[in-house]
Each structure stands twice: as C-alpha cells, then as structure tokens.
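Take a look at the structure set out below.
The values are calculated or read from the model by the stated rules, or taken from the named source; none is laboratory data. Note that the structure is a prediction, hence the values are computed from the model and not measured. Cβ sites come from the backbone with ideal geometry, for glycine too, and all protein chains shown count toward neighbours. We work out accessible area using only protein heavy atoms, side chains counted, and drop any ligands, DNA or RNA first. Shrake-Rupley method; radii C 1.70, N 1.55, O 1.52, S 1.80 Å.
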Amino acid sequence: MMKVIEGFVEEHREILSYLFWGVMTTIVSWGSYSLFTILLGKHSCSPLSFNMEMSSIVFFSNALSWICATLFAFITNKIWVFNSKSWRREVFMPEFLKFVSTRLVTGGGEIVLVPMLVVIGLDQTIYGIEGGLSKVLVSVFVVVLNYIFSKIFIFRKNN
C-alpha cells in the first residue's frame, strides 16, 4: 500500500506541490490582509490611516495582501513547484514579469467574473457569504488557469 501512495505522490508531485503551496499562499494572503486592516485602521499615527474610510482601508489592505501573496507564490512556485533554480537576471526577470502579468490578468478576471455570475443568477450563498458559489467556481477556474500559465508560459522547461 505504501508503494502505491509513494508512486502516486511521485507521479503527481508537481500538482500536489502546486496545491500545497497554493494553500500556503492563501494563508499568506488572508494573514497579511488581516494584518494590514489592523495596521491601517487602528494606528492613527500612520499617515495612511489618517482620516481613511473603511472602504479605503479594505482597498489598500487587499492590494498589499495581493502583493505579499503574489511574491510568496512566485518564490514557492519557482523553487518547489516548477524547479526553476536559476536566479540569473536573464532567467529571473522574465519569469517574474510573466508571473505578475498573468496574476494581474487572472486577478482582474476574478474581479469581473464573480459579480457577473452573481448578476446572471449564480448568487447562491455559501456559509453566509453572498455570491459564495460564484466565488468558489471562479476561484477554481483561476487556480487551474494560473497553473497552466505557470507550466507552459512562465516556468517551462527548455529542452
């Protein structure tokens, strides 16, 4: 039985690694978002929080957490998922720019698609979150699309 499990893990190492680091990226995203909302919202000595409305705090916290999560995802995908070991500028910079560009595209798509699906009727609530079904479906699509972009466009093996 152990050999079967080891064989499965070895055969699907890249996808399993991608999913593991994706969960860790989500934790980084949610954790940094929480931290930024606290820092921007409660510390009046911060120049960013002076007279900030809650929507601005949410916007900036979300943007900053996206940056943290994207940087974390790039590093973990580069090293542990797709085994791109080179940090030479001519390798690193194209990978990084493609990675950020594709994440901007899929992130923008998520921002547009979730409310669009809600408007056309996919507005089911999941665990008290309105539009939860749309969010889940779009998130799955985005994860798959990010993997495909990373595999064939960003970290492709040059044989």
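Checking (1) 1.23; (2) 1.36; (3) 1.32 against Cα Rg over 2.2 N^0.38 Å calculated from these atoms, the matching label is (1). Taking 0.36 nm per residue of separation and subtracting the Cα-Cα distance, full extension of the segment from GLU130 to ILE111 would add 5.4 nm. Mean residue ellipticity, 222 nm, helices only, the chain: the sum of -39500 (n - 2.57) across DSSP H runs of n ≥ 4, divided by residue count and rounded to 500, is -24500 deg cm²/dmol.
Give the residue list of GluC sites (Glu not before Pro) in region 65-159 that are DSSP loop and have at most 13 other beta-carbon atoms within 10 angstrom.
GLU130
Other residues within the sphere of radius under 12 Å centred on the Cβ of PHE74, judged by their own Cβ, net out at +2 (K and R +1, D and E -1).
For LYS135, a cut-off of 17 angstrom between C-alpha atoms picks up these aspartates and glutamates, skipping any fewer than 8 places away in its own chain: GLU110, ASP123. Normalising the average separation of contacting C-alpha pairs (under 8 angstrom, six or more residues apart) by the number of residues puts the relative contact order of the chain at 19 percent. With respect to the chain, whose longest principal axis is taken over its alpha-carbon atoms, helix 89-119 is tilted by about 60°. Would you please classify the overall shape of region 102-159 from the alpha carbon gyration tensor, given that a ≥ b ≥ c denote the square roots of the eigenvalues, rounded means a/c under 1.5, and beyond that prolate means a/b larger than b/c while oblate covers the rest? Verdict is prolate for region 102-159.
Helix 2-11 sits at what angle to the longest principal axis of the chain, using alpha carbons and giving 0 to 90 degrees rounded to 10? Result, in degrees: 70. Each of PHE141, PHE74, ASN62 was scored by the projection of its Cα onto the charge dipole of the chain, and the greatest displacement toward the positive side belongs to PHE74; charges sit on the C-beta of Lys, Arg, Asp and Glu. So if a site counts as exposed when it's one of the chymotrypsin sites (Phe, Trp or Tyr not before Pro), its DSSP state isn't H, G, I, E or B, and it has at most 15 other Cβ atoms within 10 Å, what's the longest stretch of the chain without one? Here the longest segment lacking exposed loop sites spans 1-49. Summing Cβ point charges (Lys, Arg +1; Asp, Glu -1) relative to the Cα centre of the chain gives a dipole of roughly 600 debye. Label-to-label distance for GLU6 and VAL143 is 2.8 nm, based on points extended 7 Å past Cα in the beta-carbon direction.
Heavy-atom accessible area, probed at 1.4 angstrom with all protein chains present, ranks THR76, THR37 as THR37, THR76, highest first.
Note on ILE67 and ILE27: the extension gain reaches 13.1 nm, defined as 0.36 nm multiplied by sequence separation minus the Cα-Cα distance. Angle of helix 13-42 to the longest C-alpha principal axis of the chain, folded into 0 to 90 degrees and rounded to 10: 20°. The residues of region 119-159 have, on average, 74 Å² of accessible surface per residue, using a 1.4 Å probe with all protein chains present. The accessible surface of the chain, taken with every protein chain in place and a 1.4 Å probe, is 72 percent carbon and sulfur.
Here LYS78 is the anchor, and the lysines within straight C-alpha reach of less than 20 Å, apart from those fewer than 8 places off in the same chain, are LYS98, LYS151, LYS157.
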